[in-house]
1. Do any residues in the range 16-36 that are closer than 21 Å to Ile66 by Cβ and open to solvent by less than 20 Å² (accessible area, probe 1.4 Å) have Cβ atoms under 9 Å from those of residues that are small (Gly, Ala, Ser) and assigned to a helix (DSSP H, G or I), where the two are at least six apart or on different chains, and which pairs are they?
2. Within the bounds of the range 1-13, is there any residue that is in contact with a Leu (Cβ under 8 Å, 6 or more places away or on another chain) and either surrounded by fewer than 18 Cβ atoms within 10 Å (Cβ to Cβ) or modelled with pLDDT under 95 (or both)?
3. Taking the stated definitions as given, is Val18 over 18 Å from Lys61 (Cβ atoms), of a type in the set (Val, Ile, Thr) and either out of contact with any strand residue (DSSP E or B) (no Cβ under 6 Å at 6 or more places or on another chain) or at pLDDT below 95 (or both)?
4. Residue pairs, Cβ under 7 Å, 6 or more apart or interchain, first in the range 43-68 and open to solvent by less than 60 Å² (accessible area, probe 1.4 Å), second part of a strand (DSSP E or B) and of a type in the set (A, V, I, L, M). List them.
5. Counting just the residues of the range 22-53 that are part of a helix (DSSP H, G or I), modelled with pLDDT of 95 or more and not hydrophobic (A, V, I, L, M, F, W, C), which one comes out nearest to Glu11 (Cα to Cα)?
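The values are calculated or read from the model by the stated rules, or taken from the named source; none is laboratory data. What you are looking at is a predicted structure, and each value in this text was computed from that prediction instead of being measured. Cβ atoms come from the backbone with ideal geometry, glycine included; neighbour counts cover every protein chain shown. The protein model used for the area step is the full one, side chains on, heavy atoms only, and it has no ligands, DNA or RNA in it. Shrake-Rupley method; radii C 1.70, N 1.55, O 1.52, S 1.80 Å.
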Amino acid sequence: MERRLAEWCPEYVTTGTVAEYCGVSKVTVLRWIRKGYLTAFRLPEGHYRMHRDDFHKFLVKNSIPIRKHTFKENRRG
């Protein structure tokens with residue numbers, strides 16, 4: 001998972017990617033979004049996306065370990 005995120009380095013991440021990174025289910029990620037713990041937006045199809053910087057802030061705020069190479073590239077200005 002870490003390698004996939006670091007290589008792809010997406011600007012936006014899916015609930016599945018967040019769930020895998022945090023070791024929780026997608027349902028848990030959806031709960032975090034609905035409770036306002038994690039900033040996300042909804043696509044027309046109903047899927048959620050999070051900006052990687054918002055995901056990083058969530059990890060820091062909640063003391064979730066950040067893997068060394070996951071956020072090596074910052075595309076947001």
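1. Matching pairs, first to second residue: Val29/Gly16; Val29/Ala19.
2. Filtering the range 1-13 for residues in contact with a Leu (Cβ under 8 Å, 6 or more places away or on another chain) gives 13.
Next, only the ones that are either surrounded by fewer than 18 Cβ atoms within 10 Å (Cβ to Cβ) or modelled with pLDDT under 95 (or both) stay: 13.
The answer is yes, given that some residue of the range 1-13 is in contact with a Leu (Cβ under 8 Å, 6 or more places away or on another chain) and either surrounded by fewer than 18 Cβ atoms within 10 Å (Cβ to Cβ) or modelled with pLDDT under 95 (or both).
3. Details: over 18 Å from Lys61 (Cβ atoms): no; of a type in the set (Val, Ile, Thr): yes; either out of contact with any strand residue (DSSP E or B) (no Cβ under 6 Å at 6 or more places or on another chain) or at pLDDT below 95 (or both): yes.
For Val18, the condition - over 18 Å from Lys61 (Cβ atoms), of a type in the set (Val, Ile, Thr) and either out of contact with any strand residue (DSSP E or B) (no Cβ under 6 Å at 6 or more places or on another chain) or at pLDDT below 95 (or both) - is not met.
4. Short answer, once both residue conditions are applied: Met50/Val13; Arg52/Val13; Phe55/Val13.
5. Looking only at the range 22-53, we keep the residues that are part of a helix (DSSP H, G or I), and these are 22, 26-34, 52-53.
Then keep just the ones that are modelled with pLDDT of 95 or more; that gives 26-34.
Next, from what is left, pick out any that are not hydrophobic (A, V, I, L, M, F, W, C): 26, 28, 31, 34.
On the way: Lys26: 19, Thr28: 22, Arg31: 22, Arg34: 21 Å.
The qualifying residue nearest to Glu11 (Cα to Cα) is Lys26.
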